[in-house]
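S.K.: Take a look at the following structure, please.
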Amino acid sequence: LYPAVLKADRFELVLQKCTELGVTTFVPVVAERSVPRVGEKWTASRYPRWRRIVREAAEQSGRRRLPALENPMGLGHACEAAKGVRIIPWEGERHTGIRAALEEAGAEAIREEGVSVFTGPEGGLTAQEVSDAASSGIVPISLGRRTLRAETAAIVAVAAIQYELGELGG
């Protein structure tokens, strides 16, 4: 999961719930509209707490392996670094949903390479950021007709992918 950095309590909620849902790696992303000013000092002051949240969520959900928690990076660098099937939920996308994007990618690619999901900050991603991500091969998708809060979008996207892959329900 490549979640944009959010205000502390909201970002911590994403870490907690997405750990419970099975995310294997978190790469905090700095987007144009990211509210916190991210730097080394900011990161160093939050990492111990983030690691504790991830560890506790993993323990609570019965996970044996802790998700990796990478250093924050800019959206452009994150787009280049991401592997596997890459998607970016965006409220401006009206046609392609998660199911269609996963079907287009194919089960073999998902099994071999995994899925990388980018989510935006409070205020959303700019049209230019989404366009740049799409130019890097990242598929913009819709999460439906409602505009979701940033933290909700991350949790919903992960849960929907898990469901589509047969990891939730049935």
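The values are calculated or read from the model by the stated rules, or taken from the named source; none is laboratory data. Just so it is clear, the model here is predicted, and its values are computed rather than measured. When we count neighbours, we look across all protein chains shown, and the Cβ atoms used for this are built from the backbone with ideal geometry, even at glycine. The area values use the complete protein model at the heavy-atom level, side chains included, leaving out ligands, DNA and RNA. Shrake-Rupley method; radii C 1.70, N 1.55, O 1.52, S 1.80 Å.
S.K.: Can you tell me which of (1) touching a residue at least 12 places away in the same chain (Cβ under 8 Å); (2) surrounded by fewer than 13 Cβ atoms within 10 Å (Cβ to Cβ); (3) outside any helix (DSSP H, G or I) is the one G124 doesn't meet?
M.R.: Only one criterion in (1) touching a residue at least 12 places away in the same chain (Cβ under 8 Å); (2) surrounded by fewer than 13 Cβ atoms within 10 Å (Cβ to Cβ); (3) outside any helix (DSSP H, G or I) is unmet by G124, namely (2).
S.K.: Please determine, by comparing only the residues of the range 70-92 that are part of a loop (DSSP other than H, G, I, E, B) and without any contact (Cβ under 8 Å) to a residue 60 or more places away in the chain, which one is most open to solvent (accessible area, probe 1.4 Å).
M.R.: K83
S.K.: Something else about it: Can you name the number of the only condition in (1) surrounded by 21 or more Cβ atoms within 10 Å (Cβ to Cβ); (2) more than 15 Å from A154 (Cβ to Cβ) that L66 fails?
M.R.: (1)
S.K.: OK, next. Name every residue in the range 93-107 that is open to solvent by 40 Å² or more (accessible area, probe 1.4 Å) and in a loop (DSSP other than H, G, I, E, B), in order of residue number.
M.R.: Residues satisfying the conditions are R94, H95, T96.
S.K.: Can I ask one more? Among what's in the range 130-158 and is part of a helix (DSSP H, G or I) and touching a helix residue (DSSP H, G or I) at 6+ places or on another chain (Cβ under 6 Å), pick the residue that is surrounded by the most Cβ atoms within 10 Å (Cβ to Cβ).
M.R.: A154
S.K.: Within the range 108-121, which residues are open to solvent by less than 20 Å² (accessible area, probe 1.4 Å) and over 18 Å from the mean Cα position of the chain (by Cα)?
M.R.: Selection gives nothing.
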